[in-house]
Each structure stands twice: as C-alpha cells, then as structure tokens.
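Comments concern the structure below.
Nothing in this text is a laboratory measurement; each read-out follows from the coordinates by a stated rule. The structure presented is a predicted model; accordingly, all values stated were derived computationally and were not measured. FYI the Cβ positions are ideal-geometry reconstructions off the backbone, even for glycines, and counts take in every protein chain you see.
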Amino acid sequence: MNILKMTTGVVLVSLIAAAALAHGGATGIVKERMDGMSAMKGSMKILTPMMQGKTPYNAETVRSEAEKIGRHAGESMTKLFPEGSDGKPSEAKSEIWQDWGSFAELARQLATYSEGLALAADNGLMASGSGHGSGMMGGASMMGGGSMMGAGMMGGSPNQAQLSEMPADGVFMMLSQTCSACHAQFRSE
C-alpha cells in the first residue's frame, strides 16, 4: 500500500511539474489565455463526473462552473489570440489565424452553451432508469459518441430559450463537443 501511495505521489508531482514547466515560459497574452484555458479545464473536471452521474448533481455548482467557462468564452477568448501570438510556449496552431471565422464561431458557441448550461442547471440530468441520467442517447459518451449537434435541433444550433428547457447534461454535451472541436482543429498537443 505504501508503494502505491508513493508511486501515485511521484506521478502526481511529475504531472504538476510538467504542467508548471509548460506554462512556466509563458508571459503576457499567451499566459493570460493559458490561465483562462486552465480555468475552463478545471470547471470541466468538476462538471464531467456530475453530468455522468458519478458524483451528486448540484445545480448551483453547475451554474457556477458554467459561468466560469462563460467568462473565458466568446469575445473574452478571441481577444487573447492576437495575430503573431503563436509559437512556443503557446499551444495555438497557426490555423487559428488562417481560419479566424471558424475559431471565432467556436468561441461564440462556447459562450452560448455555457450561458445555456447556467440556464438549464435547475433542470437536472436527463432521466434514466436510476433517475440520474448516466448517459444520453442510448449510452453515448458525454465527451463524444452520439452528437446532438446537427441532429435536427430545429435546423441549427439551439437558442438560449431552447437551451434553458433542456436537461443540463444535454447542454453540457454540446459545450464539451465545442471544446473538443476547437482543440482538434486549433490546438497542438
């Protein structure tokens, strides 16, 4: 047991050191956006197990974390990507500036879905056999799998009124898919 604790501790310290080193060389606007991305990542780490029914659902926490994500989305995000701010230690691909319209649209969608999630927080999770919606749409993964986007949501992305009526995990799925789409296209790993 002590070896397991020690090994886990060493791995955790190594991960923290690697993260600090990756952001350690960042300054100015690059550091600002890395800090914003880290804040959103923290919110996603809190929300994901809740949306999967692995931790107790708390509407106030959902609302609070959605608002945190929203503070870093939309125009707040795009203003942190002035042309020429790529290159190490940034993880931003040059495709951001080559396809600014797509990047800005994903940032706008992130803002819309984070606002929608805050509005839908009191709706709870989609009902399932246990009443806590452990999965959506026949067991599709919350972070991929079945997609609600483009699946007939009245011909396009839902508006705030529609999002406010949805189960919180449905809106969360759209938010997480937006994050994933942006990272896949515009972030180097």
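Figures for the structure shown
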read-out: Reachable aspartates and glutamates from Lys31, criterion Cα separation under 18 angstrom, eight or more residues apart if same chain; value: Glu75, Glu83, Asp86, Glu91, Glu189
read-out: Under the Karplus curve 6.51 cos²θ - 1.76 cosθ + 1.60, θ = phi - 60°, whole-Hz ³J(HN,Hα) for the range 78-92, x wherever Gly or Pro sits; value: 4, 5, 8, 10, x, 4, x, 9, 9, x, 4, x, 4, 9, 6
read-out: Those lysines that a straight Cα-Cα span of less than 17 Å connects to Lys54, excepting residues fewer than 8 apart in one chain; value: Lys45
read-out: Ascending count of other beta-carbon atoms within 10 Å, so fewest first, for Tyr113, Tyr57; value: Tyr57, Tyr113
read-out: Backbone HN-Hα couplings from phi across the range 112-125 [Karplus 6.51/-1.76/1.60, Hz, Gly and Pro as x]; value: 4, 6, 5, 5, x, 5, 4, 5, 8, 3, 6, 6, x, 8
read-out: Exposure proxy ranking, count of Cβ atoms within 10 Å, fewest first, for Ile96, Ile69, Ile29; value: Ile29, Ile96, Ile69
read-out: Under the Karplus curve 6.51 cos²θ - 1.76 cosθ + 1.60, θ = phi - 60°, whole-Hz ³J(HN,Hα) for the range 56-71, x wherever Gly or Pro sits; value: x, 6, 9, 4, 5, 5, 4, 4, 4, 5, 4, 5, 4, 4, x, 5
read-out: Gain upon complete extension [Trp100, Glu165; 0.36 nm per residue less C-alpha separation]; value: 20.3 nm
read-out: Which of Ser94, Ser85, Ser176 has the fewest Cβ neighbours within 10 Å, and the rest in rising order; value: Ser94, Ser85, Ser176
read-out: Built amide H within the under 5 Å cut-off of Arg187, gap 5+; value: Lys93
read-out: Projected label distance in nm at Ser188 and Glu67, using a 7 Å step from Cα toward the beta-carbon; value: 3.8
